[in-house]
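Take a look at the structure below.
A short reminder: the numbers here are calculations on the coordinates, not readings from a lab. Small disclaimer: the values here were computed from a predicted structure and weren't measured.
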Amino acid sequence: GSFAIQICHEMGVKAIAVVSSNAKGEKCKELGAVGYINRTEFPGLAYQANETPEQEAARMNAMKGVGKKIWDILGERRSPDIVFE
């Protein structure tokens, strides 16, 4: 992932890292990512087979939260060029 972030940075691509800790996210920013999403801030994001309606609603809310975080990082309502995990 770190090499890919550096390549994106050199090519002018806005990369957003998806990480499991803020420390890892900060490292990605040092390598050239414009920001990061700490997936631990969005519990219920992963799809589960045989979801209950409540689990599905929680997953949809988490997905919206990730989308808002992307817009916050980019400073505008647009899609990122690339997202790394």
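Considering only alpha-carbon pairs that sit under 8 angstrom and 6 or more positions apart, the relative contact order computed for the chain is 33 percent. Which whole number in µm²/s is D for the chain by Stokes-Einstein, with the Kirkwood Rh taken over Cα pairs at 37 °C and 0.692 mPa s? Reported coefficient: 243 µm²/s.
Our helix-only sum for the chain, with -39,500 (n - 2.57) per DSSP H run of n ≥ 4 divided by its residues, gives a mean residue ellipticity at 222 nm of -16000 deg cm²/dmol. Residues whose amide H comes within less than 5 Å of that of Ile37, counting only those at least five positions distant or on another chain, are Ala17, Val18, Val19 (H built at 1.01 Å from N in the peptide plane).
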